[in-house]
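Where a number appears in this text, it was derived from the coordinates with a stated rule and is not lab data. None of these values were measured; they are calculated from a predicted model. Note that we place each Cβ from the backbone using ideal geometry, even for glycine, and neighbour counts take in every protein chain shown.
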Amino acid sequence: DVQMTQSPSSLSASVGDTVTITCRASQFISNFLAWYQQKPGGPPRLLIYAASTLQSGVPSRFSGGGSGTHFSLTISSLQPDDVATYYCHKYNSAPLAFGGGTKVEIK
Amino acid sequence: QVQLVQSGAEVKKPGSSVKVSCKASGGYFSGSSISWVRQAPGQGLEWVGGVIPISGKADYAQKFQGRVTITADKSTTTAFMEVGSLNSEDTAMYYCASTTGSYYNWFDYWGQGTLVIVSA
């Protein structure tokens, strides 16, 4: 089965900073990758699908990149509302899998 | 706009089973897939398994094979997940999530979650 490895597991940055989260798949998954944001007490929210396509309604400061086995989620100009845990998700075939998550905090 | 409404919280004894439901509305149920994702307290997301309603075919993560059964009822546009032989490690929030397209895809929509507590 494909394993998804996210890094870092947590980060702290200042408002206005650019932060990047990476996700690595143990096997080739083309661009079948999504990113979600989860705030405490609620379900995840879709941010990015097909590795780089922004979901409708998601602020343009979020962007995704990569293909194959290496992927990234970038938040440019970090805002207080971005405090959350972020997960990557591979969906090319069953079994589906998530990365371990990255907790983003404000300094 | 698709809405997924899950059944309420459950408290179960070790060794028993639990069945959680996920009612879909506002979309084309047969043209979707429904997955179940669990999140233990303070932990990350874990895919349990999923079902393609139009075919009824279900898939499971290896660790849940044989202990979890996922089904879909097209007549009521409801998906179900039954977990047997419960133990304390099954204490978690369980989410259903749906895709657009009758295949596994990114999750457009999520239910509100069902908390399952396993305690003697």
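Could you give the C-alpha radius of gyration of region B:59-112 expressed as a fraction of 2.2 N^0.38 Å, taking N as the number of residues it contains?
Against the empirical 2.2 N^0.38 Å value, I get 1.26 for region B:59-112.
With the Cα gyration tensor of region B:45-88 in hand, give its eigenvalues times 5 under a square root as the equivalent ellipsoid semi-axes, listed largest first in whole angstrom.
The three semi-axes for region B:45-88 are 20, 12, 9 Å.
Restricting to Cα atoms and excluding each atom paired with itself, what does the Kirkwood estimate give for chain B in Å?
The answer is 14.1 Å.
What is the Cα centroid distance between region A:31-71 and region B:12-46, reported in whole angstrom?
Centre-to-centre distance over Cα atoms comes out at 21 Å.
B:Ser30 to B:Ser119: extension gain in nm, 0.36 nm per residue of separation minus the Cα-Cα distance?
28.4 nm
Please give, to one decimal in nm, the separation of the simple spin-label points placed at B:Tyr103 and B:Ser88, each 7 Å out from Cα toward the Cβ.
4.4 nm
For a paramagnetic label modelled at 7 Å from the Cα of B:Ser17 toward its Cβ, which residues of region B:75-101 fall within the zone defined by backbone nitrogen distances under 13 Å?
Residues B:81-86 fall inside that zone.
Using the count of nearby Cβ atoms within 10 Å as a rough guide to exposure, how do A:His70, A:His89 rank from fewest to most?
A:His70, A:His89
Residues in region A:4-32, backbone N under 17 Å from the label point at A:Ser76 (7 Å along the Cα-to-beta-carbon vector): list them, ranges by number please.
Within reach of a label on A:Ser76: A:15-21.
Using only Cα atoms, what is the ratio of the radius of gyration of the protein assembly as shown to 2.2 N^0.38 Å?
1.00
Each residue of region B:101-110 in turn: what ³J(HN,Hα) in whole Hz from Karplus with 6.51, -1.76, 1.60 and θ = phi - 60°, glycine and Pro shown as x?
x, 7, 7, 6, 7, 5, 8, 6, 10, 10
To the nearest 0.05, how large is the calculated FRET efficiency for A:Gln27 and B:Ser75 if R₀ is 25 Å and r is the Cβ-Cβ distance?
After rounding, the FRET efficiency stands at 0.05.
Compute the Rg/Rh shape ratio of region A:27-74: radius of gyration over Kirkwood radius, all on alpha-carbon atoms.
My calculation puts Rg/Rh at 1.00.
I'd like the projected area of chain A, averaged over all directions, using the convex hull of its alpha carbons. Report it in nm² with one decimal.
About 6.1 nm², averaged over all directions.
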